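The values are calculated or read from the model by the stated rules, or taken from the named source; none is laboratory data. Being a predicted model, the structure only gives us computed values, none of them experimental. In this analysis, Cβ positions are derived from the backbone assuming ideal geometry, glycine residues included, and neighbour counts consider all displayed protein chains. Surface areas here come from the heavy atoms of the whole protein model, side chains and all, with no ligands, DNA or RNA. Shrake-Rupley method; radii C 1.70, N 1.55, O 1.52, S 1.80 Å.
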Amino acid sequence: VMENQNISVSRAKQSLFGIFLCVYLVTLTGNLLIILAIGSDLHLHTPMCFFLANLSFVDMGLTSSTVSKMLVNVQTRHHTISYTGCLTQMYFFLMFGDLDSFFLAAMAYDRYVAICHPLYYSTVMSPQVCALILVLCWVLTNVVALTHTLLMARLSFCVTGEIAHFFCDITPVLKLSCSDTHINEMMVFVLGGTVLIIPFLCIVTSYIYIVPAILRVRTHGGAGKAFSTCSSHLCIVCVFYGTLFSAYLCPPSIASEDKDIATAAMYTIVTPTLNPFIYSLRNKDMKRALKRLFSQRKI
């Protein structure tokens, strides 16, 4: 009986490995194609696509920082991670996760300027401004990730245990510490709330102005065309923030380890996988660029 159970467990782990490996490869391939399509098509050299290409790169990094280690654990059946490895994974996970949020806000601002102030678009969203926004996003997210990582490094862990996640997230790791974690918890609340809420409010505020502007469009098909430029972005925002808020703002009374793991998997694996499909299926210019890219590869 024990032998049959071991065989069943082994098969289940192999199936899990195969599923996550396929999802991981699809994520990398899809986001890489988005980057190549934007880079190879001059019609897509716009501020919106510039941030989309950076978002695709960040999604590749976000998934790689978590799923790669999980795949190794499943394959080797060695469900541990070194202290240094845990801090390193935490740093990159926080950085890429925060960058996702900031780039979505930058894309919302781009749509706001394009729809509400089209005459000033080329000036407001100039290459210099886009580069400045990009640098600010990277600097701010690196500072936040580094702060959390350094604060975690000062803690001592006098007991060993398994983290109730498939990666080194802050909250599960703090539960294993025997040190005073009040400063860490306060910084999670302050910095974590800042990098999540402020970009989200920027997105909401942008669309508060965008929606009335679209409704005021009187030309035939103009409103539909204007909204189509925002639909892909809105889909990604809903998926990203829906799973993120479910994971981190869920009341303790209804939270559970299984639910936390499921929501964490959604925004670290499923969301980066869906992003390329959402943009490639809902954006005509992206469709044409991808077709042109594949035709060039065939030649």
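Distance between the modelled labels on ASP285 and SER228, one decimal in nanometres: 1.3 nm (7 Å Cα→Cβ projection). When CYS238, CYS49, CYS178, CYS116 are compared by accessible area at a 1.4 angstrom probe, the order from most to least is CYS238, CYS178, CYS116, CYS49.
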